[in-house]
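Peer 1: Here it is, the structure in full.
Each reported figure results from applying straightforward, stated rules to the coordinates on display, with no laboratory input. Here the structure is a predicted model, which is why all the values come from computation and not from measurement. Every residue, glycine as well, gets a Cβ built from its backbone with ideal geometry; the counts of neighbours run over all protein chains shown.
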Amino acid sequence: MPRDRIKTTREDATGFEEKPKGARKESILKSLDQGAVASFAKRKPVTKAADEQSVTLLDQPKSEGDHADSDAAVGLTDTQSLDVQPAADEAGGSGPQDGALADGLAELVVPPRTRSAGTLHLTLRLRVLHRHVPAMNMLAGQGIKPDTVLRKAYGRLPPFRFEPHYVPRVAEPSGPVAWNHRMTVTVLKTTLQAIEGQVRDGASAPRSHLLLGQIERAWFSSLDDTIKELSK
């Protein structure tokens with residue numbers, strides 16, 4: 001006696017209840033129309049001929065009249081650009097002036113110096129001797145500063161020119177270094193080289209020591225006279 005099939009309230013998920021698949025459904029795409037293919041094949045040579053004709057027209061050289069018109073057009077464009085540029089500058093305002101920056105400050109302009117190849121500019125320090133210290137301290141107590149004494153003594157020196165021979169410096173002890181008076185001198189290279197050749201290891205010696213001997217005696221004499229004059 002056959003058994004009753006079990007009734008289910010849910011859809012069958014096992015796949016046993018599926019019906020066998022039928023034939024494949026008809027495609028929704030239509031078959032290719034042979035007439036349209038033939039029509040496209042006829043149009044292709046015509047399109048190719050039209051493209052070749054357009055290329056030929058573009059490659060044709062221009063006549064002299066065409067070049068003249070083109071040059072005139074370019075010249076007009078350049079003229080217009082030149083005419084418009086000043087107007088644009090006037091409308092936009094003038095830019096930074098020569099040497100001026102965006103923040104309103106100016107660049108420092110230092111003219112170049114012309115230097116002779118045969119001369120040297122050197123800085124020498126004229127010292128004060130130890131024997132000058134008491135008198136200069138006394139003058140300082142009277143309100144005359146050492147700088148005043150030194151400038152006055154230097155102003156009394158006659159014009160000086162270095163000679164090409166070595167003169168030793170004065171062998172007396174020096175006073176305070178802070179009282180040294182600086183001066184800038186000009187000397188010929190040939191003169192300095194001649195002095196260097198008269199001293200052992202003169203080429204490596206300080207240049208100030210090679211030159212100060214020629215001016216120290218006149219400097220000390222002027223300093224002595226200045227101190228005496230101010231001490232009266």
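Peer 1: Per the Kirkwood treatment, what hydrodynamic radius in Å, one decimal, follows for the stretch 98-206 from the mean inverse distance over all distinct Cα pairs?
Peer 2: By the Kirkwood definition, the hydrodynamic radius is 17.9 Å.
Peer 1: I would also like to ask the following. Tell me, what is the FRET efficiency for L129 and K189 to the nearest 0.05, using R0 = 22 angstrom and their Cβ-Cβ distance as r?
Peer 2: 0.10
Peer 1: Given R₀ = 35 Å, FRET efficiency for R156-D103 by Cβ-Cβ distance, to 0.05?
Peer 2: Step by step, r from the Cβ atoms, then E = 0.10.
Peer 1: So if I restrict to the alpha-carbon atoms in the stretch 157-219, what is the Rg, and what is Dmax, the biggest pairwise distance, in Å?
Peer 2: 12.2, 34
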